[in-house]
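Down below is the structure, laid out as structure tokens.
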Amino acid sequence: MKFHLEFTPQQFSTTIHHHHKLFLIGSCFTENIGTKLKQHKFEVLENPNGILFNPASIVKSLQSYITNRRYEENDLFYQNECWNSWEYHSRFSHPDKATCLKAINQSQQAAHTFILKTDWIFITVGSAFVYEHENNEVVANCHKVPTDRFKKKLMSVHEVYASFKQMLNDLFTVNTAVKIIFTISPVRHLRDGFVENNRSKSTLIQAIHQLIEEEANAFYFPAYELIIDDLRDYRFYAEDMVHPNYAATNYVWEKLVFTCMDDDSKKLMRELNIISAARNHKPFNPGSEQHQKFLQINLEKISQLSRQFPYINFADELNYFQSAANTQ
């Protein structure tokens, strides 16, 4: 008897190679996947503005990278003893205006430089609800400003579609070879309400599928469906019953690797997992001849991979195993 219907997405017609540059933007689920990619030595730039949930803020941020927008003092506001930006996460906020502005513009410049040469952009959208400030501008972060200063609105399917469509046109103008992977965050926005969360997710699903049907270089990875329809159980959620837990995130990651990565990258990732496991190994007797042999085998393996893949930085791994060998 089956108690679980496994869903395996179809492999992409075009796949990610390990030497590709990957740009990630969107919800907190983006950062979970970004961490996995960085652990496997992909070159990644992740959420230059910080976490973003709604399509309008994601599009606005991407367009600001394309044009290399520079923020000025009048783009900031003072709240809770810090200078803040409506478009940037609170980790950029600072009591000193110049420090806040410098951090934002450094992030803008890095994003602009990276997006011109990136091979893939992962866009993870969390909610179709937006919050408009008193000036009718959508904000990416409310910075604990009282809620009565915002108007909450559910974007329509057409609004989501049209905003992403225009952004892709602008993006393909400056980077003709870039490919896009859309995902919808499986994080449940239950603060909006159970019914409202489903309305929001369905809006995103409809708009994004309409878009990828028209764009040859746009793909859809079903992270949302893997959690909601495949795993489909509260044991795969954290204690808040909203965020997928470690096991669920790993499950989605394994499906993403199968769907999006080329065979050579998968093979390399298995090698990297072996090295990572060796680094985390706790020896029973660090001074033994057997452990010294273990360290030397891994040093040789890392040196071989460094020669084979010169674009990957193995400095941390080399330093770790060399230090361990020298201290015995």
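Of the residues making up region 297-312, just one is aromatic (Phe, Trp, Tyr) and surrounded by 12 or more Cβ atoms within 10 Å (Cβ to Cβ), namely Phe309.
Is it the case that some residue within region 260-280 is more than 30 Å from the chain's Cα centre (by Cα), assigned to a helix (DSSP H, G or I), at pLDDT below 90 and surrounded by fewer than 16 Cβ atoms within 10 Å (Cβ to Cβ)? No, every residue in region 260-280 fails to be more than 30 Å from the chain's Cα centre (by Cα), assigned to a helix (DSSP H, G or I), at pLDDT below 90 and surrounded by fewer than 16 Cβ atoms within 10 Å (Cβ to Cβ). Filter region 36-56 down to the residues that are touching a Ser or Thr at 6+ places or on another chain (Cβ under 9 Å) and either in a helix (DSSP H, G or I) or small (Gly, Ala, Ser) (or both), then identify the one that is surrounded by the fewest Cβ atoms within 10 Å (Cβ to Cβ). Looking at residues that are touching a Ser or Thr at 6+ places or on another chain (Cβ under 9 Å) and either in a helix (DSSP H, G or I) or small (Gly, Ala, Ser) (or both), I get Gln39. In region 275-291, the residues that are of a type in the set (S, T, N, Q) form Cβ pairs under 8 Å with partners that are modelled with pLDDT of 90 or more, at six or more places apart or across chains, as follows: Ser276/Gln39. When restricted to residues that are over 8 Å from the mean Cα position of the chain (by Cα) and either crowded, with 20+ Cβ neighbours inside 10 Å or in a loop (DSSP other than H, G, I, E, B) (or both), region 11-35 contains 11. Among all positions in region 200-213, there is at least one residue which is part of a loop (DSSP other than H, G, I, E, B) and not small (Gly, Ala, Ser). For Tyr234, indicate whether it is at pLDDT below 95, of a type in the set (Phe, Trp, Tyr), under 17 Å from the mean Cα position of the chain (by Cα) and surrounded by fewer than 13 Cβ atoms within 10 Å (Cβ to Cβ). No.
How many residues does region 15-31 hold that are at pLDDT below 95 and under 25 Å from Gln63 (Cβ atoms)? The qualifying residues number 5.
Restricting region 132-161 to residues that are among the acidic types (Asp, Glu) and either surrounded by 15 or more Cβ atoms within 10 Å (Cβ to Cβ) or in contact with a Phe, Trp or Tyr (Cβ under 9 Å, 6 or more places away or on another chain) (or both), the residue that is modelled with the highest pLDDT is Glu159. The strands (runs of 3 or more DSSP E) falling completely within region 87-197 that include 2 or more residues that are in the same structural domain as Val59 (by TED's automatic domain parsing), without any contact (Cβ under 8 Å) to a residue 40 or more places away in the chain and charged (D, E, K, R) map to 151-154. With respect to the conditions (1) loosely packed, with under 14 Cβ neighbours inside 10 Å; (2) touching a Phe, Trp or Tyr at 6+ places or on another chain (Cβ under 6 Å), Ile123 lacks only one, and its number is (1).
Within region 282-296, being touching a helix residue (DSSP H, G or I) at 6+ places or on another chain (Cβ under 9 Å) and surrounded by fewer than 12 Cβ atoms within 10 Å (Cβ to Cβ) holds for Phe284, Asn285.
The values are calculated or read from the model by the stated rules, or taken from the named source; none is laboratory data. On a predicted model such as this, the values are computed, not experimentally measured, just so you know. All Cβ positions, even for glycine, are placed from backbone atoms using ideal geometry, and neighbour counts span all protein chains on display.
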